[in-house]
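To start, the structure itself, in structure tokens.
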Amino acid sequence: MSAILFYILSSLVNALVATILGFIVYFRNRKELVNRVFALFCAVVAIWSYAYFVLFFVKNASIGVFYHRLFLTVPAIFIAILFFNFVLAFISKIKENKSKLIAGYIISFVFVFIDLFTPFFVKNLEQKLYLGLWPTAGPLYFPFLLIWWFYVIFAIYFLCREIYILPNDKNSEKMKIQLKYILAGAVIGFGGGGIINYLLWYNIPIPPITNFLVAVGMIAIAYGIVKHHMFNIKLLMSELLVFTIWIFVIARTALSNNIQDLLINGTLILLVFVAGILLMRSASKEVEVERKLLKETQKDLDLEQRLRKTFAEIAEEQTKKIEKIVSDKKFKE
């Protein structure tokens, strides 16, 4: 167990990070399409990660095959197309690429059918390295990976192109920074969780040691979304901290050994819950104060600019009058 503890913990961290970010981004502004798609992307990553965590404890190969097909492969199928959808929504390019998006979803559902009802995706589970039961790829899994990576790379291409074509001015600077964070998160997350993960499927003896980078990549993407007030980063970080603590305390309570532990952990849940609400309220008030100060500062700047403009217009008008008087005087002379 100690040899695979790192992989167990990394999959659990991936799941918790995806869950927390998905909830926070969705409830911050669920009317926005970007928020909803990103939350759905987080949901499938979370399901995949929780199932990944449980897989290390599966001992029956026949049950494990069904479990893997349903809870690991199905959400994994939708990760790429949802990320592609999220990128298109973020850069407002869904209409121009609607046919590619629809085709991607149709292909994904076809792959789900093949996965659930045939052995062409997950052939079986076998003992591999020190990781316990691990899947062996069926004949159609490689073509699936090619299409899956096509949509990931296509999304990365759109991010790079948008960064390149945006003009170098103040209005576009914020968007460029956001896109760079999302691009970095995609490269880190998909590079860590998307490449190394599947080598062992083809009996290449390299364990998924970089799987923890999925969480790092998702945090970078979320930071890119929230940066520059698209959501508020201070509020996001406080909520991320609070939700993480709540989940761990609830898990600790669920694992209580006796009534005494249950009472102690139950009291701890109450205290942590109250403290978390107070922390989020404090962060929310601080954000609101900063927003008001920024608004007032902007008003003062606008007033100053208007006064300067008015003064410049008056000065220009008076200068023209003086020039006219001088020219008239010269003409009379």
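The values are calculated or read from the model by the stated rules, or taken from the named source; none is laboratory data. Worth saying up front: this structure is predicted, and the values here are computed from it rather than measured. Cβ coordinates were reconstructed from backbone atoms using ideal geometry, including for glycine residues, and neighbour counts include every protein chain displayed.
One table, with the values for the structure above:
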read-out	value
Out of Ala61, Ala51, Ala39, sole residue that is farther than 19 Å from Ile219 by Cα, crowded, with 18+ Cβ neighbours inside 10 Å and modelled with pLDDT under 95	Ala51
Positions within the stretch 98-134 being free of Cβ contacts under 8 Å to residues at least 40 places away in the same chain and either of a type in the set (A, V, I, L, M) or not assigned by TED's automatic domain parsing to the domain that holds Tyr202 (or both), in sequence order	Leu101, Ile102, Ala103, Ile106, Val110, Val112, Ile114
Looking only at the stretch 116-169, and only at residues there that are hydroxyl-bearing (Ser, Thr, Tyr) and more than 25 Å from Phe71 (Cα to Cα), the one that is modelled with the lowest pLDDT	Tyr164
Among residues of the stretch 97-136, those that are in a helix (DSSP H, G or I) and under 20 Å from Val44 (Cα atoms), counted	16
The stretch 168-203, residues that are of a type in the set (A, V, I, L, M) and under 13 Å from the mean Cα position of the chain (by Cα)	Leu179, Ile182, Leu183, Ala184, Ala186, Val187, Ile188
Within the stretch 133-144, tally of residues that are surrounded by 18 or more Cβ atoms within 10 Å (Cβ to Cβ) and more than 29 Å from the chain's Cα centre (by Cα)	2
